[in-house]
Amino acid sequence: MKVKEIMTTPVISAPTSMKSSDVAALLRSRRISAVPVTDADGNVLGLVSEYDLLARSGGTAGDIMTSAVVTVTEDTEVDDVRSLLIDRRIRRVPVVAGGKLVGIVSRSDIVGTLAWEWVCEVCGESWRGDSPPEACLKCGAGSERFARQTQLPGT
């Protein structure tokens, strides 16, 4: 499964010039825990999280943002992002296309894909997601040949 299938879009972002207090208000009003910081062209420059607001002092998003931000592309495998979130102990990853912000993937987006596993009744190929694929990647069987099975978290 590719990131483009589960990413949240459109992404709420902030310019570097946004006041820190306005970033805090944005996080609270949108019930999110972080926002990517972008330039006028949509390039990701950093990320401001609740932690940054609490731990750093500065008047603008550009002053308090974490600038060492890991990004992925729309075609990155979800399992690769899952490993990245675990290994780096981060909570979200901005998604870019051509260097521009196009989405964001959080832990909760990935947890949603772990809820169900679909198994092809013809060849046994498995697929994780909210719905089965249109056709089995291994044998070509149609989506109606997939059976849904409960997937335990972490497996």
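So for segment 83-96 (the condition being hydroxyl-bearing (Ser, Thr, Tyr), assigned to a loop (DSSP other than H, G, I, E, B), under 18 Å from residue 6 (Cα atoms) and modelled with pLDDT of 90 or more), does at least one residue qualify?
no
I'd like the full set of residues that are out of contact with any Ser or Thr (no Cβ under 8 Å at 6 or more places or on another chain) and of a type in the set (Lys, Arg), limited to segment 19-61.
Scanning segment 19-61 gives 28, 30, 31, 56.
Looking at 35, 44, which is the one that is in a strand (DSSP E or B), within 13 Å of the chain's Cα centre (by Cα) and of a type in the set (A, V, I, L, M, F, W, C)?
Selected residue: 35, the only one of 35, 44 that is in a strand (DSSP E or B), within 13 Å of the chain's Cα centre (by Cα) and of a type in the set (A, V, I, L, M, F, W, C).
Kindly indicate whether residue 122 is outside the structural domain of residue 20 (by TED's automatic domain parsing) and part of a loop (DSSP other than H, G, I, E, B).
Yes; evaluated as a whole, the condition is true for this residue.
Would you mind telling me which numbered condition in (1) within 30 Å of residue 16 (Cβ to Cβ); (2) in contact (Cβ under 8 Å) with a residue 40 or more places away in the chain; (3) part of a strand (DSSP E or B); (4) not acidic (Asp, Glu) residue 62 fails?
(3)
The values are calculated or read from the model by the stated rules, or taken from the named source; none is laboratory data. Values in this document were obtained by computation on a predicted structure and should not be read as measured data. Neighbour counts run over all protein chains shown; Cβ positions are idealised from the backbone, glycine included.
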